[in-house]
């Protein structure tokens, strides 16, 4: 499996996107859609057990793909229930530079106690 992944997604073009959550007091995740360079590349509906695993510190690998070196944009659309059980949909975007290293993009949902709202963050890491 690992060898197959290395052949299909070499480090020079590889992008991996993970989803992670904080406590989840202000947001109950139901779905995520992911676009890379305005192209829909992943869509996922979550079960209660899966969101519980994310609350406990788990990560979900949402997408693995290839992009050329250079500037790219990743946009994530989060759907769920916000404070007081209201339907909530938010988007977050990040423009990132792809180089010869494998890129890891983290989509993180965190609670902001000060704002009493969820925050949606996107960060890039390199392997």
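Bear in mind that the values in this text are calculations on the coordinates, not laboratory data. Note that the coordinates shown come from a computational prediction; the quantities given were computed from them, not determined experimentally. Using ideal geometry, Cβ is built from the backbone for each residue, glycine included, and neighbour counts are taken over all protein chains shown.
Couple of notes before you dig in:
- As a proxy for reagent exposure, ranking 59, 46 by other Cβ atoms within 10 Å from fewest up yields 59, 46.
- Rounded to the nearest 0.05, the FRET efficiency derived from the C-beta distance between residue 84 and residue 43 at R0 = 25 Å is 0.40.
- Result for the chain in a Gaussian network model with C-alpha springs under 10 Å: among 57, 80, 24, the largest mean-square fluctuation is at 57.
- Ordering of 102-109, 113-120 by burial proxy (mean other Cβ atoms within 10 Å per residue, highest first): 102-109, 113-120
- Fluctuation leader among 95, 47, 75 - the chain, Gaussian network, Cα springs under 10 angstrom: 47
- With the biggest extent put first, the Cα atoms of the chain measure 46, 29, 23 Å across the principal axes.
- Likely footprinting exposure, 98, 35, fewest C-beta neighbours within 10 Å first: 35, 98
- With contacts taken as Cα pairs under 8 Å and at least 6 residues apart, the chain reaches a relative contact order of 33 percent.
- Taking the number of Cβ atoms within 10 Å of each Cβ as an exposure proxy, the fewest-first ranking of 40, 88, 34 is 40, 88, 34.
- In this entry, region 55-127 is assigned a mean projected area of 5.9 nm², taken as a quarter of its C-alpha convex hull surface.
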